[in-house]
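S.K.: This is the structure I want to talk about, given as structure tokens.
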Amino acid sequence: PLGPASSLPPSFLLKCLEQVRKIQAEGEVLQERLCAAHKLCHPEELVLLGHSLGISQAPLGSCFSQALELVNCLRQLHSGLFLYQGLLQALAGISPEVAPTLDWLQLDIADFATNVWQQMEDMRVAPPGHPTQGPMPTFTSAFQRRAGGVLVASNLQRFLEPVYRVLRYLAQT
Amino acid sequence: ECGRIRLSDPIIRLGDSVTASCIIGRNCSHLDLESEILWKLESELHPGGRQKRLPDGSQESTITVPHLNYTQAHLSCCLYWGNSLQILDQVELQAGYPPPVPYNLSCFMNLTTNSLICQWEPGPDPYLPTNFTLKSFKNRGKCQTQEEPILDCVPEAGKSHCSIPRKHLQLYQSMGIWVQAENALGTTLSQKLCFDPMDLVKLEPPTLEALNPSPVEAPAQPGCLWLHWEPWKPGLFITQKCELRYQPQLGEASWALVASVPSKTHHHELCGLLPATAYTLQMRCIRSPLPGYWSDWSPSLVLNTTER
Amino acid sequence: ECGRIRLSDPIIRLGDSVTASCIIGRNCSHLDLESEILWKLESELHPGGRQKRLPDGSQESTITVPHLNYTQAHLSCCLYWGNSLQILDQVELQAGYPPPVPYNLSCFMNLTTNSLICQWEPGPDPYLPTNFTLKSFKNRGKCQTQEEPILDCVPEAGKSHCSIPRKHLQLYQSMGIWVQAENALGTTLSQKLCFDPMDLVKLEPPTLEALNPSPVEAPAQPGCLWLHWEPWKPGLFITQKCELRYQPQLGEASWALVASVPSKTHHHELCGLLPATAYTLQMRCIRSPLPGYWSDWSPSLVLNTTER
């Protein structure tokens, strides 16, 4: 069950909230650029492609169970961020119009993941050893990288909304 | 592979037709292979796909866009999955024209930057990424034979001028030069020029100065003006001839010209002018007798003739 | 070798002494080896050379300049040849000071360029070529331990600021940073700073706009002004507090301040003002409650209150 929410320092929660908003804003820019430059504006048109490419969504169950399991929630948050770092890296070479935004997004997600990992270390609940990245999709054409970008960006936004709600809940309790 | 588009040609001439095929492999398990493959050009469904089953069980649809009128367009191969239209693959079609022939190529030797600067007209936009290169070669005669090539001068993106640094030039040897334009649909060459770089030198104008008071040996005569000028330093080694033009600051007066002012003396007495009148003077110089380009006119100098 | 100068030290502290020797090899046939070796400092003959013959027959002269007061000087080893003084060898002496300690190091995070910009005072000119480097390292705590170094940021020549690009930064992790100054006479380090880059964010001010007409639900009250502002887009993800200041355009009126205007609403009603008066308004914002720097004050907006 939930350790005392106050075991998370307020400044850590405030920074996390800011980092989520920063990543959400960057993610929207990525989606806008993919739409403007390549007419790929609707992730729902690419679900089938997403299946065949193996682009998965990161689980966040522990953050929503009735009794918020704080440690597992932090661990799932970190693994989700780690997954998105990997997915964004796999999109390298996406297209000149989009590449700068992709780079900023990767850096912001990496910063956020480091912040969460260090908080877990400070609380002595960090999983042993550093996480290793699972198999990543391979994109065999410019189109697949751009379509992959649309899917990853939309999955990331859907991942961050609940994260933001949990962090805000923790910051207010 | 769940949907792979193949194109007859990704870059075509505007208005030409383009044919594309999209194959959905039979190992694409999560797909209902019987459903119809659909095509979208930009965001419009494009009818006319001809679909057939291939010997290995995969499905292939072929489509021909008769006259592509987009310079850039996205062609997507789609399939209905449930009731949502899914994009399986997408390619970018580009259409335009072969590069027009660059024209009005002109060059001049700039002694300040010590480089040969050439500019040209690129001609109408061919709608395709087109690379311009200024090509040149050294030569002994009238550039009939193409001897040792000088460097390829690549202009900044979108610019129609390029400058060849001094170290690649032999100023007093003839060289041939032209512009090459190249894109996916072809290559064109501009007209060739043949010159010694030094014969295209464009001087900077001299600097005009009033001679106040006019030199002792020639006190200011009514209706006369004494003029002194400083030649442009980097051009001192070049024998030049200069022209002086002047006009009274009176209504619609036109310029009067003093051709071939002796350039060595650096001062000149101008007479026959209206008394008590303000005159605007300008000067320009050109390499002479060897060939060159006239400098621009110098900034104006305003002098007043004395009373009668 | 017909004259080779050896120096105790080519770069010395201003005012210190420097010793040099000049050797003229005996195989220097065309020279009259008995003649006196003379020294010139810049263009002045400098007495005091002590000359001796070496075992191998060559001549060596040694000289000590007690207090070198030139920051740069040429020292020449000379010999009379006939009645003309000949320079056989020449070296450049440089004198100056060790680098002063750089001070007033300050940094701020620029979200427009997405880089950390640091500036410092270089201190007095040491008269010697001095290299400044902005050094930094990542860190977990209060920068006591020096962990992974970040890149060395080398400023443009003569500049006392440097910017570290985003890709080398962890915005929410603490980093240590200092300036190192180095020249031939030594190395000095500035005071060290320790911060999270994001805690040094400096926002751009919001853009003030009049709300004409003031919103329906609050018609313009006499002595009141309705104000709207657009926050700075790149800073939208940062929770901020803002300050509004206003002054009537009347003689020497001073600014009045409205501290902590709620930054979320983007509009504010200002009352208690003089009727029929033009007011100048400005606004600034700061990251809050997390640390940051105040933005500059926004460009002024002038609004007029209505008649009584």
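The values are calculated or read from the model by the stated rules, or taken from the named source; none is laboratory data. These figures come from a predicted structure and were not determined experimentally. So basically every Cβ, Gly included, is an ideal-geometry build from the backbone, and we count neighbours across all protein chains shown. Surface accessibility is based on the protein's heavy atoms, side chains included, excluding ligands, DNA and RNA. Shrake-Rupley method; radii C 1.70, N 1.55, O 1.52, S 1.80 Å.
S.K.: So which residues in the range C:170-208 are free of Cβ contacts under 8 Å to residues at least 60 places away in the same chain and within 13 Å of another protein chain (Cβ to nearest Cβ)?
M.R.: Within the range C:170-208, C:Gln170, C:Tyr172, C:Gln173, C:Ser174, C:Met175, C:Asp196 meet the criteria.
S.K.: Determine whether the range C:173-181 contains at least one residue that is farther than 14 Å from C:Cys118 by Cβ, β-branched (Val, Ile, Thr) and open to solvent by less than 80 Å² (accessible area, probe 1.4 Å).
M.R.: no
S.K.: Something else about it: Name the single residue, out of those in the range C:242-265 being within 24 Å of C:Leu111 (Cα to Cα) and surrounded by fewer than 16 Cβ atoms within 10 Å (Cβ to Cβ), that is farthest from the chain's Cα centre (by Cα).
M.R.: Here is the first cut: in the range C:242-265, the ones within 24 Å of C:Leu111 (Cα to Cα) are C:242-244, C:260-265.
Still in the list and also surrounded by fewer than 16 Cβ atoms within 10 Å (Cβ to Cβ): C:260, C:262, C:264-265.
Numbers: C:Ser260: 34, C:Pro262: 37, C:Lys264: 37, C:Thr265: 40 Å.
If we take residues in the range C:242-265 being within 24 Å of C:Leu111 (Cα to Cα) and surrounded by fewer than 16 Cβ atoms within 10 Å (Cβ to Cβ), then C:Thr265 is farthest from the chain's Cα centre (by Cα).
S.K.: Here's a check for you: in the range A:27-80, which residue that is among the β-branched types (Val, Ile, Thr) and open to solvent by 40 Å² or more (accessible area, probe 1.4 Å) is nearest to the other protein chains (Cβ to nearest Cβ)?
M.R.: A:Val47
S.K.: I would also like to ask the following. When you go through (1) open to solvent by 50 Å² or more (accessible area, probe 1.4 Å); (2) farther than 20 Å from C:Thr113 by Cβ; (3) not basic (Lys, Arg) one by one for C:Asp152, which number turns out not to apply?
M.R.: (2)
S.K.: Now for a separate question. Among the numbered criteria (1) closer than 30 Å to C:Gly235 by Cβ; (2) surrounded by fewer than 20 Cβ atoms within 10 Å (Cβ to Cβ), which single criterion is violated by C:Asn69?
M.R.: That leaves (1) as the condition not met.
S.K.: Which ones in the range A:107-120 are facing chain C (nearest Cβ under 9 Å) and either part of a loop (DSSP other than H, G, I, E, B) or of a type outside the set (Val, Ile, Thr) (or both)?
M.R.: A:Leu107, A:Asp108, A:Ala110, A:Asp111, A:Phe112, A:Asn115, A:Gln118 - these are the residues of the range A:107-120 that are facing chain C (nearest Cβ under 9 Å) and either part of a loop (DSSP other than H, G, I, E, B) or of a type outside the set (Val, Ile, Thr) (or both).
S.K.: Let me ask something else. For B:Pro100, which of the numbered conditions (1) loosely packed, with under 12 Cβ neighbours inside 10 Å; (2) closer than 29 Å to B:Tyr70 by Cβ fails to hold?
M.R.: Here B:Pro100 meets the rest and fails (1).
S.K.: I'd like the residue in the range C:14-29 that is in a strand (DSSP E or B) and crowded, with 16+ Cβ neighbours inside 10 Å and, out of all such residues, is modelled with the lowest pLDDT.
M.R.: Among those residues, the one meeting the criterion is C:Ile24.
S.K.: Going by what's in this entry, would A:Glu97 be described as surrounded by fewer than 20 Cβ atoms within 10 Å (Cβ to Cβ) and within 14 Å of chain C (Cβ to nearest Cβ)?
M.R.: The answer is no for A:Glu97.
S.K.: Mind listing whichever residues of the range A:127-153 are within 14 Å of another protein chain (Cβ to nearest Cβ) and either part of a helix (DSSP H, G or I) or under 14 Å from the mean Cα position of the chain (by Cα) (or both)?
M.R.: A:Ala142, A:Phe143, A:Gln144, A:Arg145, A:Arg146, A:Ala147, A:Gly148, A:Gly149, A:Val150, A:Leu151
S.K.: A:Tyr84 is checked against (1) more than 14 Å from every other protein chain (Cβ to nearest Cβ); (2) without any contact (Cβ under 8 Å) to a residue 40 or more places away in the chain; (3) among the hydroxyl-bearing types (Ser, Thr, Tyr) and fails just one. What number does that condition carry?
M.R.: The number of the failed condition is (2).
S.K.: Continuing with the same structure: What about B:Glu36, is it acidic (Asp, Glu) and more than 14 Å from every other protein chain (Cβ to nearest Cβ)?
M.R.: Yes: the conditions hold for B:Glu36.
S.K.: Okay, moving on. Under 7 Å between Cβ atoms, which residue pairs at least 6 apart in sequence (or on different chains) link something in the range B:117-133 that is at pLDDT 95 or above with a partner that is among the acidic types (Asp, Glu)?
M.R.: B:Thr130/B:Glu182; B:Asn131/B:Glu182; B:Thr133/B:Asp152
S.K.: Return the only residue of B:Leu45, B:Leu38, B:Leu88, B:Leu7 being surrounded by fewer than 17 Cβ atoms within 10 Å (Cβ to Cβ), touching a Cys at 6+ places or on another chain (Cβ under 9 Å), of a type outside the set (Ser, Thr, Tyr) and within 27 Å of A:His42 (Cβ to Cβ).
M.R.: Values: B:Leu38 fails: surrounded by fewer than 17 Cβ atoms within 10 Å (Cβ to Cβ); B:Leu88 fails: surrounded by fewer than 17 Cβ atoms within 10 Å (Cβ to Cβ); B:Leu7 fails: touching a Cys at 6+ places or on another chain (Cβ under 9 Å).
The match here is B:Leu45.
S.K.: Which members of the range B:238-264 meet the condition of being small (Gly, Ala, Ser) and in contact with a Cys (Cβ under 8 Å, 6 or more places away or on another chain)? Before you say what the answer is, go through the steps one by one.
M.R.: Narrowing the range B:238-264 to residues small (Gly, Ala, Ser): B:251, B:253-254, B:256, B:259-260, B:263.
Residues satisfying the conditions are B:Ser260, B:Ser263.
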